[in-house]
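Student: Below you'll find the structure I mean.
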Amino acid sequence: MTEDTVDVRGTRIRLLREGDGPPLLYLHGSGDSGVWQPVLDELARDFHVLRPDHPGYGFSDEAKGVDTIHELAFFTLDLLDALGLGRVAVIGSSLGGWLAADLATIEPQRLTRLVLVGAAGLRVEGSGQPDEFTLEPAAAIAATYAGAEGRRTAGERFAALETDAPAMERYLRNRITTAHLAWNPYFHDPKLVYRLHRITAPTLIVWGSEDGLVPVAHGRRWTDLIEGSRLEVIEGAGHLPHVEATEQFLSVVRTFLTA
């Protein structure tokens, strides 16, 4: 894995990448710590995987004028232009899934395949979606991870922030950026539903059956709204099935991406 800095119209973006195959853009969620996940190593066997820190997250600069996911989608298209990339496959997780879907409505021809993983972006009445801005850390971890191992690891990682000032600063900065992008209206764009008909890329929607942060009812709603899309529910996984159930996730997603 290599780390680069890409200049996008004056905004420096940190980019992690690996692999030599067709381009595959991974768009992270709001709680992502900026590390290269093992699932990306596996995908890099078949693809040139690119994982940027969104502006205002991790080690990337803030981008002027970007305070909605819709604006962030245009910025992401500028990033692809800066990288000289034409058509790409895209995987988006959580907030990154919302971003990926919005991007796919702006330039539908730019995406070869679209994978939405526990994607935010839609309002689903009665789904039980909690307000993550008000959750205590332990409750947020329990809503994100279904298994004891994932919860334990996440708890240790959060506790370690107390003695790692730079990591704590990035964590708080990520939360501030998320609030700017998704606080009001809460983690959805009421106008997005009227643009989803523009998506033409084959679309796979992947959800953990035990997702307590963005419940699986949201996955069914995405499937209803994106023509020809398919929902795959990974039993026993939480909000991050690509992290918590990597093998099951790969068995579904690799087949879809290489079909």
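The values are calculated or read from the model by the stated rules, or taken from the named source; none is laboratory data. Source: prediction; values computed, not measured. In this analysis, Cβ positions are derived from the backbone assuming ideal geometry, glycine residues included, and neighbour counts consider all displayed protein chains.
Student: Identify, please: which residue in the range 89-141 is of a type in the set (D, E, K, R) and part of a helix (DSSP H, G or I) and is, among those, nearest to ILE69 (Cα to Cα)?
Tutor: So the residue we want is ASP102.
Student: Still on this model: Please go through the range 176-191 and pick out each residue that is more than 13 Å from VAL124 (Cα to Cα) and either surrounded by 18 or more Cβ atoms within 10 Å (Cβ to Cβ) or within 15 Å of the chain's Cα centre (by Cα) (or both).
Tutor: Within the range 176-191, THR177, THR178, LEU181, ALA182 meet the criteria.
Student: Let me ask you something else. Suppose we filter ASP81, ASP61, ASP46 for residues that are at pLDDT 95 or above and either exposed (fewer than 15 other Cβ atoms within 10 Å of the Cβ) or on the phi > 0 side of the Ramachandran plot (or both); which single one remains?
Tutor: Only one candidate qualifies: ASP81.
Student: Would you say GLY150 is at pLDDT 95 or above and either of a type outside the set (Phe, Trp, Tyr) or not in a helix (DSSP H, G or I) (or both)?
Tutor: For GLY150, the condition - at pLDDT 95 or above and either of a type outside the set (Phe, Trp, Tyr) or not in a helix (DSSP H, G or I) (or both) - is not met.
Student: Step by step: first the residues of the range 207-233, then only those that are among the aliphatic types (A, V, I, L, M) and touching a Leu at 6+ places or on another chain (Cβ under 7 Å), then the one that is surrounded by the fewest Cβ atoms within 10 Å (Cβ to Cβ). Which residue is that?
Tutor: LEU225
Student: Here's another thing I want to ask about it. Picking from ARG221, ARG170, ARG175, which residue would you name as being closer than 18 Å to GLU136 by Cα and either in contact with a strand residue (DSSP E or B) (Cβ under 7 Å, 6 or more places away or on another chain) or in a helix (DSSP H, G or I) (or both)?
Tutor: Answer to the selection: ARG175.
Student: Inside the range 193-218, can you point out the residues that are of a type outside the set (Val, Ile, Thr) and touching a strand residue (DSSP E or B) at 6+ places or on another chain (Cβ under 6 Å)?
Tutor: ALA201, PRO202, LEU204, TRP207, GLY208, SER209 - these are the residues of the range 193-218 that are of a type outside the set (Val, Ile, Thr) and touching a strand residue (DSSP E or B) at 6+ places or on another chain (Cβ under 6 Å).
Listed here are the residues, each with its yes/no results for (1) free of Cβ contacts under 8 Å to residues at least 24 places away in the same chain; (2) of a type in the set (Lys, Arg); (3) in a loop (DSSP other than H, G, I, E, B); (4) in contact with a Phe, Trp or Tyr (Cβ under 9 Å, 6 or more places away or on another chain).
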{"site": "ASP4", "(1), (2), (3), (4)": "yes, no, no, no"}
{"site": "ARG12", "(1), (2), (3), (4)": "no, yes, no, yes"}
{"site": "LEU16", "(1), (2), (3), (4)": "no, no, no, yes"}
{"site": "TYR26", "(1), (2), (3), (4)": "no, no, no, no"}
{"site": "ASP32", "(1), (2), (3), (4)": "no, no, yes, yes"}
{"site": "VAL39", "(1), (2), (3), (4)": "no, no, no, yes"}
{"site": "TYR57", "(1), (2), (3), (4)": "no, no, yes, no"}
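Student: Any idea which of THR76, THR68 is surrounded by fewer than 16 Cβ atoms within 10 Å (Cβ to Cβ), of a type in the set (Ser, Thr, Tyr) and within 24 Å of LEU196 (Cα to Cα)?
Tutor: THR68
Student: Okay, next question. What about GLY96, is it touching a His at 6+ places or on another chain (Cβ under 6 Å), surrounded by 12 or more Cβ atoms within 10 Å (Cβ to Cβ), at pLDDT 95 or above and on the phi > 0 side of the Ramachandran plot?
Tutor: It is false that GLY96 is touching a His at 6+ places or on another chain (Cβ under 6 Å), surrounded by 12 or more Cβ atoms within 10 Å (Cβ to Cβ), at pLDDT 95 or above and on the phi > 0 side of the Ramachandran plot.
Student: Further question on the same structure: Considering every residue within the range 230-242, establish whether at least one is more than 27 Å from SER33 (Cβ to Cβ) and touching a Ser or Thr at 6+ places or on another chain (Cβ under 8 Å).
Tutor: yes
Student: Is there a residue being in contact with a Phe, Trp or Tyr (Cβ under 8 Å, 6 or more places away or on another chain) and surrounded by fewer than 22 Cβ atoms within 10 Å (Cβ to Cβ) anywhere in the range 240-256?
Tutor: no
Student: Out of (1) hydrophobic (A, V, I, L, M, F, W, C); (2) within 22 Å of ARG123 (Cβ to Cβ); (3) in contact with a helix residue (DSSP H, G or I) (Cβ under 7 Å, 6 or more places away or on another chain), the odd one out for TRP222 is which?
Tutor: Tallying (1) hydrophobic (A, V, I, L, M, F, W, C); (2) within 22 Å of ARG123 (Cβ to Cβ); (3) in contact with a helix residue (DSSP H, G or I) (Cβ under 7 Å, 6 or more places away or on another chain), TRP222 fails exactly one: (3).
Student: Kindly establish whether ASP131 is among the acidic types (Asp, Glu), buried (at least 17 other Cβ atoms within 10 Å of the Cβ) and either at positive phi or out of contact with any Cys (no Cβ under 8 Å at 6 or more places or on another chain) (or both).
Tutor: Taking the combined requirement at face value, the residue does not satisfy it.
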